[in-house]
Amino acid sequence: MATPEELTITAEVSPPLSVPKRSKRLPRVSEAQFTRIARISVATVATLVLLLMLVRLWFIDGVFRTIRIEGPSMAPTLLGAHYHLTCDDCLFEFRVDADGAARAPRIVCPNCGYREVKLEEAERLAGDVVVMDRWPLLIGSLRRGDVIGLSQPGMPELAVKRLAALPGETWSAVDGDLVVQGSRVSTLLRHDLTSRLSTVYDHNHPSRHISNVDRWLRPTENHWKITPGKLVFDDQNQTSARENGSPKPADRLPVQWLAYQQWTTWESPAPRTTLSEVLDNDSYNPDSSRLMTRLRDLFFEAHLTSSGAGTFAVKLRDESKTFQVAISPDTQLLQLFDGTKLVYEKKLATNLERGGMLLAGLIDRRVLVAWNGRPIIEHPYRDPIAVRGKIMDPVAIGASNVSLTLTEVRIRRDNVIVPPATFADNDSEVRLGADEIAVLGDNSAVSVDSRSWPLGSAKTSSVRGLVYRPFWIAPRSAP
């Protein structure tokens, strides 16, 4: 028997396996194969996009069939059948509701008060084309201010209104403003301020039959020159505008004023040149018995070019309160006075000699000043004390020791007025339930909405979709 030391083991080792090397080069794709893959990819993506578009369009009514607005309740945002008229006297263009015009004894120009505007030669225009989008209901994205379509019991057609208050909120109307949860929110009803404003008077369209100077009152003879389409002030006495080498405060300058005066530009037995307060007249409703209350939210708008060491000012009145917006051309300093108290000042980053569009006015208990469309001042103030007598000079402009030219001069007004007098239960405040909303028509003089509905509200389940003018429809021509 062999010992361990004598044991010999012989093993045959196999040669190592040969592993083929991988080629680093990918298989070559022929041009035909690449074209085929590209076509399949493009077709797949296009099919998916088309399917998504079809699904999205399925939620939009009005794409394949025309939906038109009927009636005046959403004017001027959405118009029903209407006429686009031009005044024979001042050539001012405006619109009137077609059905209301047929019932009215005559059509009155809202700019100059001309009482014989011809309707016979005007073309009757169809209502706006809109679509109704149900997608926002699916994703729950309706917001206050949206224009919606909703159904109401006993109404065969959908009503188009603006969403004013949401479920669970308390809402009311105070002095023409929408108040929700104790705060004025009517600004939210129109996202674009310019769409909220309508023209009370356009100085570019003076009466050709009556002197237009009567629309501007000069308390005493001064340096103001009034011509059609232009207001000019030229006072070269610059020395009195400075005190120890620095500009005097605006409230201490001897300002020469020019006050706007309102004519009777609505149906009335009085001559149109009869002076009046600026009242809540809406020319779109020529047959409406609108409650003619005094307007408080008025604006002065003009293209301003100015130079000099003095000041240009805009005076605005809201009942017992008087505000003054003062601009110094040489320092570009803008100041806001509440009475005689300086409450705000800011230096403008602009050269007034080059000119720009100025908009200054009152809206929703705020003083708003904008330059070239950009807000500069938005100053809130408390409710003023009501004035019993008439306010005949709600807007005035003044200047001292400057040279300035004003063109494109207009007096404008806030068109969002919510009269509370039509509440069905004479209650000025309504609390909404968890499944209720409040809606209003933009044309509140004639709109039948939550103010007059028996419950003062509508059910959330009655909303059918968001209503808007589609992008493929050409915008309306001016005005």
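The values are calculated or read from the model by the stated rules, or taken from the named source; none is laboratory data. What you are looking at is a predicted structure, and each value in this text was computed from that prediction instead of being measured. With ideal geometry, Cβ positions are generated from the backbone for all residues, glycine too; neighbour counts draw on all protein chains shown.
Testing Glu5 on (1) assigned to a helix (DSSP H, G or I); (2) of a type outside the set (Lys, Arg); (3) modelled with pLDDT of 85 or more, one condition comes back false. Which one is that?
Exception for Glu5: condition (3).
Can you tell me which residue in the range 30-75 is surrounded by the most Cβ atoms within 10 Å (Cβ to Cβ), limited to those that are modelled with pLDDT of 75 or more and touching a helix residue (DSSP H, G or I) at 6+ places or on another chain (Cβ under 9 Å)?
By that ranking, first place goes to Pro72.
Out of curiosity, is Leu406 assigned to a strand (DSSP E or B), surrounded by 14 or more Cβ atoms within 10 Å (Cβ to Cβ) and either basic (Lys, Arg) or assigned by TED's automatic domain parsing to the domain that holds Pro206 (or both)?
For Leu406, the condition - assigned to a strand (DSSP E or B), surrounded by 14 or more Cβ atoms within 10 Å (Cβ to Cβ) and either basic (Lys, Arg) or assigned by TED's automatic domain parsing to the domain that holds Pro206 (or both) - is met.
Right, Leu334: in the same structural domain as Arg317 (by TED's automatic domain parsing), touching a residue at least 40 places away in the same chain (Cβ under 8 Å) and crowded, with 19+ Cβ neighbours inside 10 Å or not?
Numbers: in the same structural domain as Arg317 (by TED's automatic domain parsing): yes; touching a residue at least 40 places away in the same chain (Cβ under 8 Å): yes; crowded, with 19+ Cβ neighbours inside 10 Å: yes.
Answer is yes for this residue.
The rows are residues; the columns are (1) surrounded by fewer than 22 Cβ atoms within 10 Å (Cβ to Cβ); (2) at pLDDT below 90.
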{"residue": "Asp235", "(1), (2)": "yes, yes"}
{"residue": "Gln238", "(1), (2)": "yes, yes"}
{"residue": "Gly245", "(1), (2)": "yes, yes"}
{"residue": "Arg290", "(1), (2)": "yes, yes"}
{"residue": "Ser307", "(1), (2)": "yes, yes"}
{"residue": "Ala313", "(1), (2)": "no, no"}
{"residue": "Glu319", "(1), (2)": "yes, no"}
{"residue": "Ala326", "(1), (2)": "no, no"}
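Could you tell me which residue of the range 259-314 is farthest from Gly355 (Cα to Cα), considering only residues that are assigned to a strand (DSSP E or B) and of a type in the set (Val, Ile, Thr)? Steps first, answer last, please.
Kept after step one, since they are assigned to a strand (DSSP E or B), are these residues of the range 259-314: 259-260, 262, 276, 279, 294, 298-307, 311-314.
In the following step, the residues that additionally are of a type in the set (Val, Ile, Thr) were identified as 305, 311, 314.
Values: Thr305: 4, Thr311: 15, Val314: 16 Å.
Ranking the candidates gives Val314 first.
Under 6 Å by Cβ, and 6 or more places apart or on different chains, what pairs join a residue from the range 192-215 that is under 15 Å from Cys109 (Cβ atoms) and part of a loop (DSSP other than H, G, I, E, B) with one that is modelled with pLDDT of 85 or more and of a type in the set (Gly, Ala, Ser)?
As it stands, the answer is Asn204/Gly229, since those pairs meet every condition given.
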